[in-house]
Each structure stands twice: as structure tokens, then as C-alpha cells.
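Participant: Below is a structure I'd like to ask you about.
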Amino acid sequence: MIEQPRMINICDVWEETPDTKTFFFPFEGPFTPGQFFMIWIPLLDEKPFTISYIQEEFLGITVLKRGIFTQKFHEKKAGDSIGIRGPYGKGFELQTDLRSCLIGGGIGMASLATIVDRLHNVTIIQGAKTSSELLYRKRFQDMNLCTDDGTLGYTGTTVDVLNALLEKQRFQKIYACGPERMMYKISEICKKHDIEYEASLERYIKCGFGVCGQCDCSGQRTCIDGPVFHQQELIRMADFGKISITKTGERVIHP
Amino acid sequence: MFLHLQDEGYNGNKLSGRARGKAATLIYRFKSIMQKVDLSVTLCSIPLRNPTILASGILGTTRALLKRVAENGAGALTIKSISTEPREGHNNPTVITFEAGMLNAVGYSNPGMHAAAREFSDLQEIGVPVIASVIGTEHEDFMRVVEGLSKIQFSAIEIPLSCPHTPGFGLLSGQGTPESTFKITSLVRKATKLPIFVKLSPNSPELCTAAKAAEDAGADAITAVNSMGPGMAINIDAQRPVLGFKVGGVTGDALRPIAVRCVYDLYKAVKIPIIGVGGISTGRHAIEMMMAGASVIGIGTGVYYRGIDVFRKVSEEMALWLQKNGYNTFRDIIGVVHD
């Protein structure tokens, strides 16, 4: 495989929320939910995005506007071209028959969306700062929603909602993606309740294929050993939930 | 039989599943024989368990990753280069591959010497020698970074005067000339008692003169070579260069014959040891580099071709070849093509 972007045409764009759009493009080839693609805008930059829709030979990525790159991305329309390379990394190991719970925080929900249809017995928890940021409201009718400001659903965090649900029912596996503090707290809950757990981590990614070392998390390369890690790995990763690495390579404490 | 293993499985890309299976069987079968071959080496008074070194710029960003590379068989490790101040480097794509290697223009992203000093504390936990890579735009910067890292237990200092893709550093600020090489090496010599490795460019027609200048200024070894070029890859559909910085250093298979020739020339030009780097990803490549005159070898792009345990694989393959050819130690083959 040659690790270089190839140009593809965007075939559809959906507005999901005021700040997020989903871009659809043709893709044929194997893909595991949780894996990511590097998306290239020539002469600007290249960033990692997970797949949020799988529809026959089309894939979709949901992009939150949060910097120069994503702003430029949001200006793209159907017919425009972007560069992609991938898929990269290790995705989720789906155990379809287990009673599962998906927990998405903010844009993290995009990474989990493609596994909903593949699980037989699944509960979804989604949290955001405010109601207008909640994703896929029409796509998944039955979600346990929560917002920090109480504008929709439970007022509080996904962790609060999970704790409340666990008083009434038991899950055999939890899949999570979102802010790392959230994923860390869920890991602690899974430890206590002996629930299998997988979480998708976000790090600053440069090469995407395991040579530059920029996306390190306690000796694990998020781009190739992850981005999805199993509970047994997460427990051994001292940086998980605590430390990430900036574009310069400096270790910083998670906000 | 195993002599043909890499020829069969290693085709400039990753090993095929079948070849991997075969490799595992053969390595298991010859493990007892391999133990008779001595791969240990002393480089500038630094004892190494084997002659493979992680080259700078690959995986050397954190202590945790260094430890992991050590666990995967490297004899020594080089950290990613450190400057006085933090640097973000170039925009992505910063590293891409092509049919015969890799192109990179990371742009020396690093957290600066103060954060680096924190990151690389407790290096003794890693269990193998760690080499600091030190960069600067001004000659005096090299000295400042060496001083900034002086409390850390590095085993040696590497100064790459040869980067082809970062304005202000290496070739792009003329640091690879014999005069500049002499000045910078002399300044670093004053700042540290640790062994100094000067990393040179394969591009320069003055390679041997620059190496001699480094030797005269007190360098303890020459690292040969840095990436060549710069080169460029263009996406013809986008009609744009792919790398964020447009051009980048070329490494991997495309670099190997150039690197072997540089080491061959340097072996005749200097008396200090040579660390051979450039396109090494198999034991046969390593032995080729040593026959040209390298005392030890560096591996960078090989991590892409064969995984993070490329160091163990290369060491084992070297041992197999040496045993098969009647050598007890690889030291007997260093520079053998010159005889």
C-alpha cells in the first residue's frame, strides 16, 4: 500500500447540526467501524476522521467545525473533491450478541454510529453541551439524551445517565467515544461492574501509519495500535484520561 | 534455505503472510544456533547488546515509546530532534510513502529543550542507551540545547547537520559545509563530555571533507546518512504536491544504495566509527552496510516496512547469516569489501 491521498468526489452533504455536516463519498473496500481516514485538502492540511455512515458503496464522515481546516471543509459541496487515505487503525471488536451500551460524548457519537445496526441489543447514551449539538436525532429514535445545560434530556453527563441505567439493568459490553475524561470515568465504572469495555481515543495524528510517534499514549500508537483500545489495554495506559500530546510533542494535562 | 527467505517474502513492501509464517518457523529452528553468534558491540565506549539503533525522527517522541522500541530489540535509541524552543513543524501530510520508500517533511516538531528534559528523565528505566538528537538554527543553539539537556542521562549527542526540508536548519542553513560542521562540532565538544555523532547528508559532494572536519573538531562518530533530496510527490488529480511542505527527505529502499556508497567512501576518509543509516530493513541490508564500513546501523523507515519489532528481526537475520557463513561476530565483516 502506498500511503498517499487519492482524490475522490463528495457526492452528498447533510447538515446534521448548526456546526456539523456529514460528507458522503464513494468507497469500496473493507472497513471496520472505529477505523479512520486521513482527509486531505491540498495545500492546507490533512486530519483524521472516523466513518459515521456506511451505505452500500458510500461512506460518510461527520465533521464538527472547530478550526481552520474544518471551516474550509464545511465550505465543500457535492461535486467538490477531497483527498483520502486509509482506512487506518484498529476499530471496534463487535460482540453482537452481548447486551451493549454505546456512549457518545459530543462529536464522539460519529465514531459509534456505524455500529448501532450491527448490535442486536443496544442502548445508546448521547451527551452534548446543549440540545442543538446532539447528533443523529432522526437517525436513532431511541436514545438516552443528556445535555450540560439541560436544554434537552437529562441535565448532566453521560456518566450520570450510565450510572442511573446501571441501577436498573446490566450491560455486558460498553463502547465509548468522546472527551477522554468521560471515557476514563466509564472505564472506572466498567472495572467496578465487571463490564467489557472499548473506547476510541483521540490524539494528534501526523503520519497515520505508525512511524512518526506523534500520537503516542503510554507507548501505544493511537493511529495503528488504536484508536480503539480494549479495557485491558486502557488500564495499562497511564496517560489515558490524564495526558495528551500537542502538535509540538509537549505532554499536557487533559482539561 | 533461509538465505532466500527475504528475497522471497520481502519485496520492497511488507512480508506476505506465508513468508511471515515461514520466517517464524525458521527463526525458531535456528534460535539455538543463533545464540553462538555475538552481536554485542561497543560504540565510542557505549556497550550495545546488538548493532541496531533506532534512527532519529521515528517513534522517538516519548519515553514510553522509546521503552517499547527497546523491548522490541533495538540496541540503542535516538530521540526525535530537540531545539531550544517548541516547534509545531509543517502541516500535514508530513510523512507519506511511495513505491521505493518514504518522503517526510515533519519540520522538526518538538516540545523544546525544557519540556524534552522533563519527558526524557529516568532514561535508565529504558534499559538500553539513548542518544539525544540536538538541532539549532544558530551555531550556538546546539550548545544551548546540549546544556539544557545536560541533567538527562543520555549516552551520546547526535547533531544532524543535514536536514533537507526545514528552513533555518541543516542543509537549508548551510550547516552541512565542512566549515560549519567544524564550527558546530567544536562548540558542542566544549559543551559536553558525551560522545558526539555528527549526522551528514548524502547529497553533499563534500561528504568526506565534512566528515573529516567533524573528526578534527572532536566528533566521536559519523552518522551516515540523513534523508536525501528533497524529493516531491505530486497528486496529479489534485494537481498539487502532496506533502504540506511540498518537498521532503527521501528514505527507505531508494536511499539504500546511496547510503551504502556514502559509508563506503567515509570508511576510507575517517578513522572514527560510522553509524550506517539509510534503507535498512533486513539483516542482509545491515550486513551490506557493515561490509561497506559501518560499525553499527540505524533503522528508521524499516519500522514501516516490517513493524516496530524490525530491530529484533534484523538482529536475528544478521545472526543467521553470520552463523551460516562461519562468523562468530559481525565485527569481522566491517569494511570487508575494502580488502
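The values are calculated or read from the model by the stated rules, or taken from the named source; none is laboratory data. Since we're looking at a predicted model, the values are computed, not measured. Please note: Cβ atoms are built from the backbone with ideal geometry, for glycine as well, and neighbour counts cover all protein chains shown. Ligands, DNA and RNA are excluded from the accessible area calculation, which covers all protein heavy atoms including side chains. Shrake-Rupley method; radii C 1.70, N 1.55, O 1.52, S 1.80 Å.
Participant: State whether one or more residues within segment B:104-115 are open to solvent by less than 30 Å² (accessible area, probe 1.4 Å), more than 7 Å from chain A (Cβ to nearest Cβ) and of a type in the set (A, V, I, L, M).
Facilitator: Yes, segment B:104-115 has at least one match.
Participant: Would you point out the residue of segment B:90-103, among those that are at the interface with chain A (Cβ under 7 Å from one of its Cβ atoms) and either open to solvent by less than 30 Å² (accessible area, probe 1.4 Å) or not polar (S, T, N, Q) (or both), that is farthest from A:Ile39 (Cα to Cα)?
Facilitator: B:Glu99
Participant: A follow-up question, please. Residue by residue through segment A:135-144, note down the ones that are in contact (Cβ under 8 Å) with a residue 12 or more places away in the chain and farther than 14 Å from A:Gly156 by Cβ.
Facilitator: A:Leu135, A:Tyr136, A:Arg139, A:Phe140, A:Asp142, A:Met143
Participant: Tell me, please, whether a residue that is more than 14 Å from chain A (Cβ to nearest Cβ), open to solvent by 10 Å² or more (accessible area, probe 1.4 Å), assigned to a loop (DSSP other than H, G, I, E, B) and over 19 Å from B:Asn226 (Cα atoms) can be found in segment B:271-292.
Facilitator: Looking for residues that are more than 14 Å from chain A (Cβ to nearest Cβ), open to solvent by 10 Å² or more (accessible area, probe 1.4 Å), assigned to a loop (DSSP other than H, G, I, E, B) and over 19 Å from B:Asn226 (Cα atoms), one finds at least one in segment B:271-292, hence yes.
Participant: Does A:Ser187 meet the test of being away from chain B (no Cβ under 14 Å), at pLDDT 95 or above and under 30 Å from B:Arg306 (Cβ atoms)?
Facilitator: It is false that A:Ser187 is away from chain B (no Cβ under 14 Å), at pLDDT 95 or above and under 30 Å from B:Arg306 (Cβ atoms).
Participant: Among (1) touching a residue at least 24 places away in the same chain (Cβ under 8 Å); (2) more than 11 Å from chain A (Cβ to nearest Cβ); (3) open to solvent by 20 Å² or more (accessible area, probe 1.4 Å); (4) not basic (Lys, Arg), where does B:Glu138 come up short?
Facilitator: Every condition holds for B:Glu138 apart from (1).
Participant: Quick one: which residue in A:Leu112, A:Leu102 is modelled with pLDDT of 95 or more, more than 14 Å from every other protein chain (Cβ to nearest Cβ), outside any strand (DSSP E or B) and open to solvent by less than 30 Å² (accessible area, probe 1.4 Å)?
Facilitator: Testing whether each residue is modelled with pLDDT of 95 or more, more than 14 Å from every other protein chain (Cβ to nearest Cβ), outside any strand (DSSP E or B) and open to solvent by less than 30 Å² (accessible area, probe 1.4 Å) leaves just A:Leu112.
Participant: Let me ask something additional. So, in segment B:316-339, how many residues would count as being modelled with pLDDT of 95 or more and either on the phi > 0 side of the Ramachandran plot or in contact with a Pro (Cβ under 7 Å, 6 or more places away or on another chain) (or both)?
Facilitator: 1
Participant: Step by step: first the residues of segment A:40-58, then only those that are open to solvent by less than 10 Å² (accessible area, probe 1.4 Å) and under 26 Å from A:Arg137 (Cα atoms), then the one that is farthest from the other protein chains (Cβ to nearest Cβ). Which residue is that?
Facilitator: By that ranking, first place goes to A:Ser52.
Participant: I need the full set of residues from segment B:214-232 which are over 18 Å from B:Thr301 (Cβ atoms) and crowded, with 23+ Cβ neighbours inside 10 Å, in order please.
Facilitator: B:Ala214, B:Ala219, B:Ala221, B:Ile222 - these are the residues of segment B:214-232 that are over 18 Å from B:Thr301 (Cβ atoms) and crowded, with 23+ Cβ neighbours inside 10 Å.
Participant: Quick check on segment A:1-24: of everything there that is of a type in the set (D, E, K, R) and more than 10 Å from chain B (Cβ to nearest Cβ), which residue is farthest from the chain's Cα centre (by Cα)?
Facilitator: Of everything passing the filter in segment A:1-24, A:Asp12 is farthest from the chain's Cα centre (by Cα).
Participant: Would you please name the residue that is modelled with the lowest pLDDT, looking only at residues in segment A:231-245 that are open to solvent by 20 Å² or more (accessible area, probe 1.4 Å) and either more than 22 Å from A:Pro33 (Cα to Cα) or part of a loop (DSSP other than H, G, I, E, B) (or both)?
Facilitator: Checked segment A:231-245; the qualifying residue modelled with the lowest pLDDT is A:Ser244.
Participant: A:Val228: among the hydrophobic types (A, V, I, L, M, F, W, C), part of a loop (DSSP other than H, G, I, E, B) and open to solvent by less than 10 Å² (accessible area, probe 1.4 Å), yes or no?
Facilitator: Considered against the rule, which asks whether it is among the hydrophobic types (A, V, I, L, M, F, W, C), part of a loop (DSSP other than H, G, I, E, B) and open to solvent by less than 10 Å² (accessible area, probe 1.4 Å), A:Val228 comes out as no.
Participant: With closer than 30 Å to B:Gly107 by Cβ, acidic (Asp, Glu) and assigned to a helix (DSSP H, G or I) as the only criterion, which of B:Asp265, B:Asp253 stands out?
Facilitator: So the residue among B:Asp265, B:Asp253 that is closer than 30 Å to B:Gly107 by Cβ, acidic (Asp, Glu) and assigned to a helix (DSSP H, G or I) is B:Asp265.
Participant: Further question: The conditions are (1) crowded, with 24+ Cβ neighbours inside 10 Å; (2) in a helix (DSSP H, G or I); (3) not small (Gly, Ala, Ser), and B:Glu158 fails exactly one of them. Which is it?
Facilitator: (2)
Participant: Then there's this: Checking A:Thr248 against (1) at pLDDT 95 or above; (2) within 7 Å of chain B (Cβ to nearest Cβ), which single condition isn't satisfied?
Facilitator: Of (1) at pLDDT 95 or above; (2) within 7 Å of chain B (Cβ to nearest Cβ), only one is false for A:Thr248: (1).
Participant: How many residues does segment A:147-176 contain that are farther than 20 Å from A:Ser132 by Cβ and not in a loop (DSSP other than H, G, I, E, B)?
Facilitator: Adding up the residues that qualify gives 13.
Participant: Just to verify a result, which residue in segment B:295-339, among those that are without any contact (Cβ under 8 Å) to a residue 60 or more places away in the chain and under 24 Å from B:Val198 (Cα atoms), is farthest from the other protein chains (Cβ to nearest Cβ)?
Facilitator: It comes out as B:Val336.
Participant: I would also like to ask the following. Any residue at all in segment A:195-204 that's among the basic types (Lys, Arg), open to solvent by 10 Å² or more (accessible area, probe 1.4 Å) and either at pLDDT below 95 or assigned to a loop (DSSP other than H, G, I, E, B) (or both)?
Facilitator: Yes, that holds for at least one residue.
Participant: Related question: Given the options B:Pro164, B:Pro160, name the one that is at pLDDT below 95, more than 14 Å from chain A (Cβ to nearest Cβ) and under 16 Å from the mean Cα position of the chain (by Cα).
Facilitator: Sole residue among the options that is at pLDDT below 95, more than 14 Å from chain A (Cβ to nearest Cβ) and under 16 Å from the mean Cα position of the chain (by Cα): B:Pro164.
Participant: Another question, if that's okay. Might you check whether a residue that is touching a Cys at 6+ places or on another chain (Cβ under 7 Å), in contact (Cβ under 8 Å) with a residue 60 or more places away in the chain, away from chain B (no Cβ under 14 Å) and crowded, with 22+ Cβ neighbours inside 10 Å occurs anywhere in segment A:76-98?
Facilitator: yes
Participant: So, in segment B:233-258, exactly how many residues are β-branched (Val, Ile, Thr) and crowded, with 20+ Cβ neighbours inside 10 Å?
Facilitator: Here the count works out to 3.
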